[in-house]
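Derivation of every value follows stated rules applied to the coordinates shown; laboratory data play no part. Given the structure is predicted, the values throughout are model-derived calculations rather than measurements. Using ideal geometry, Cβ is built from the backbone for each residue, glycine included, and neighbour counts are taken over all protein chains shown.
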Amino acid sequence: MMVAGAGDSPSAEELPLPTSTTPAATTTSQWSFNPSSQYQHLLDKSTPFVLHRWIAFSALATIYVVRVCWIQGYYLVSYALGIFILNLLIQFLSPRVDPELETASESNDGPILPVRSSDEYRPFVRRLPEFKFWYLMTKAFCIAFLMTFFAIFDVPVFWPILLIYWIVLFFLTMRKQIEHMIKHKYVPFSLGKQRYGKKREPLADNESLLPED
C-alpha cells in the first residue's frame, strides 16, 4: 500500500471546482443585455432635463412637418396625429380630480383643487403629468414619421377639409376647457406657494420699537 507523500499533487477529487459567477455580476450582465431596462434607464435619466427634452421634441416635430410637406401626402395620418395631440393636451390642462364630480373628496388619492381662499395651498396636479405628456407626444410623432415610409397609409383625401375641421375642433375644445377653468377658478400651472400677510401699520410719533420697562 502506497502512502502519498507531502510533495505529491492532490487527486482530481480534491481539486477545488471553479466558482460560478456571483449573483450580482449575473444581474448586471443580464441588465446590460436587456434593451427594455436600458431604455427605461435612459428615460429616468432624462426626467429632470425638461428644456432639453422639449427642444428634441420640437426638432422631431419639425422634421415630420417638413417631410409631409415635401412628399405632399399622408394627410390622414397627420390628422389622426393632431386629434391624438389634442386629446393629450386636454388631459395635460385638466386636474386629476374633476371638481364637478360629487364623489371627489379629501379621501381621494390626490389633492383636490382649493375652492376657498382660506383653503390650504395645494399645487396643481395634472391628469396627465408633464413627462408622460412629452413621452406620448414624442412616441406618436415617431410612429407617424415611420408610417410615412409605407405607401399603404397614404390615403388620398382633400386635406383643407381635414385642416378646417381640426381647427374648429381645437377652438371648441379649448373654449370648453377655458370655461371650465374660469368656473372652478384654477390655472393649470403651479406658480409657487402664495404668502399672505397683514400690512403693518405705520408707527405713531409717540411709539417706539424698544420694549417698555
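Annotations for the structure displayed:
- Contour excess over end-to-end distance, with Cα ends at His41 and Arg175 and 0.36 nm allotted per residue: 44.3 nm
- Protection proxy ranking of 48-57, 86-95, by the mean of other Cβ atoms within 10 Å over each peptide's residues and highest first, is 86-95, 48-57.
- Separation of alpha-carbon centers, the range 35-51 and the range 146-181, rounded to whole Å: 30
- Among the listed pairs Lys132/Lys185; Lys45/Lys176; Lys45/Lys183, those beyond 32 Å (Cα-Cα): Lys45/Lys176; Lys45/Lys183
- Rough spin-label spacing in nm, given labels placed 7 Å along Cα→Cβ, for Arg67 and Phe153: 0.8
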